[in-house]
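The next block holds one structure in the form of structure tokens; read it before the comments.
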Amino acid sequence: MVDPQWDFDAIGGEATSVEDALSSPESVNAQVAQVLSESVGEAPLIPLPEDDRVTLGGGLYWDGELVTHAQVREMTGEDEEALARVKGSLARWLSMLLERTVVRLGDEPATPKAIRRLLIGDRDELVLGVRIATFGKHITAQNVQCPHCDEYFDAKVDLTRIDRVSLEEVKPRHEYTVELRAGKSAVVRLPDGAAQESIFENADATIPERNSLLLAACLVSVTKNGVADTRTGVELAKALSVSDRRTLIRFISETQPGPLLDDIRFDHEACGKEVRLTLELPDLFRGE
Ligand SMILES: [Zn+2]
């Protein structure tokens, strides 16, 4: 099911503000999760550095070099005003946030072009970094109901201790070969910010249409018995069998690095049992 409310333009065409984002029932990471729609397995943990340095679980290939660190800064009132003027999808809002607050990628000043090339999971990691630089590392999720003892409580989450997926094998340009059925194989690239924007540009797109856009953005080539398919983009994505599409989307979902904002786990002090929680990206800017 697609909730059209995920796109701020669907809310009466008003400009987006942080408050709008906070009241939006859906947000981009939920939407991405919906598109990818597969759960990921047990994830290795990597620590998030303190202050304004952010470690990128995927990294960015730029001029042939793998960039794995970034520097962010806290959000200002000027940023807040600029973000309130963003029209379009939450993916576009995220790009604007990152264009303004990511200071350096590796040793170089960050550029909008480089930021759009960052993997979706690394963009989530940078948003977390900006949030920590702006409001600190703790966030309180209010009125969470414990599924074990039914008690309602306010959960304090340490954002530096959220589970993260890191790449088991870093490939040049993040390109991986995936075996498909009937002698076919595909080379796919993990989705980046540009892919994220194209997937969510049309608020009315159905899930299969979004899947086609995702695959169009990620497919580098498809070969059958060594012969390359000459089709490209959405045409190629639509020509694939449903089974092969699922195989590819599952691979992309399971491989994508980044913080597991949709599966935050902590212990409920009152009963000592584990509670799981989902945080949407705009929730992060609620402040304490
Ligand atoms: Zn409990």
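Bear in mind that the values in this text are calculations on the coordinates, not laboratory data. These numbers come from a predicted model, not from an experiment. Positions of Cβ are backbone-derived with ideal geometry, glycine not excepted, and every protein chain shown enters the neighbour counts.
Could you put Val144, Val165 in order, starting from the residue whose Cβ has the fewest other Cβ atoms within 10 Å? Working shown, then result.
On the way: Val144 18, Val165 23.
Result, fewest neighbours first: Val144, Val165.
By counting other Cβ atoms within 10 Å of each Cβ, how are Val72, Val170 ranked from fewest to most? List each step's numbers first, then the result.
Working: Val72 26, Val170 14.
So the residues, fewest neighbours to most, are Val170, Val72.
Shape verdict for the range 64-181, please, from the Cα gyration tensor: rounded (a/c under 1.5), prolate (a/b greater than b/c) or oblate.
Oblate, since a/c reaches 1.5 and b/c is not below a/b.
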By count of other Cβ within 10 Å, fewest leading, how are Leu66, Leu128 ordered? Leu66, Leu128
Expected vector for the range 229-244, Karplus 3J(HN,Hα) from phi with 6.51, -1.76, 1.60 and θ = phi - 60°, integer Hz, x for Gly and Pro, equals 6, 7, 6, 9, x, 4, 4, 5, 4, 6, 6, 5, 5, 4, 4, 5
Around Val67, under 12 Å between beta carbons, what's the net of Lys plus Arg minus Asp minus Glu among the other residues? -3
Calculate one ³J(HN,Hα) per residue across the range 179-193 by plugging θ = phi - 60° into the Karplus curve 6.51 cos²θ - 1.76 cosθ + 1.60, and present them in order as whole Hz with x for glycine and proline. 6, 10, 7, 6, x, 8, 9, 10, 9, 10, 10, 5, x, 10, x
Karplus-derived HN-Hα couplings along the range 144-158 (A = 6.51, B = -1.76, C = 1.60, θ = phi - 60°), whole Hz, x at Gly and Pro: 7, 9, 6, x, 8, 10, 6, 6, 8, 8, 9, 9, 9, 10, 8
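Report the net charge of residues surrounding Glu235, where surrounding means a beta-carbon distance below 14 angstrom and charges are Lys +1, Arg +1, Asp -1, Glu -1. Can you show the working numbers first?
On the way: positive: Arg231, Lys238, Arg245; negative: Glu209, Asp229.
In short, +1.
Given the range 172-255, what percent of its DSSP beta bridges are antiparallel, to the nearest 5? The partial results should precede the final answer.
Values: 12 of 12 bridges.
Taking every DSSP beta bridge with both residues in the range 172-255, the antiparallel ones total about 100 percent.
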Whole-Å distance linking the alpha carbon centroid of the range 169-212 with that of the range 242-261 is 8
Once both label points are put 7 Å beyond Cα along the C-beta direction, the Val242-Lys224 separation in nm becomes 1.9
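Could you give the dipole magnitude of the range 84-207 about its Cα centre, charging the beta-carbon of Lys and Arg +1 and that of Asp and Glu -1, in debye to the nearest 20? Present the calculation step by step, with values, prior to reporting the outcome.
Numbers: 19 positive and 19 negative charges, 108 e Å.
In total the dipole reaches around 520 debye.
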Taking Lys184 as the anchor, which lysines have their alpha carbon closer than 29 Å to its alpha carbon, excluding any fewer than eight residues away along the same chain? Lys171, Lys224, Lys238
In the range 140-195, taking the dipole from +1 charges on Lys and Arg beta carbons and -1 charges on Asp and Glu beta carbons about the Cα centre, the listed residue (Gln142, Val178, Ala155) farthest towards the positive end is Val178
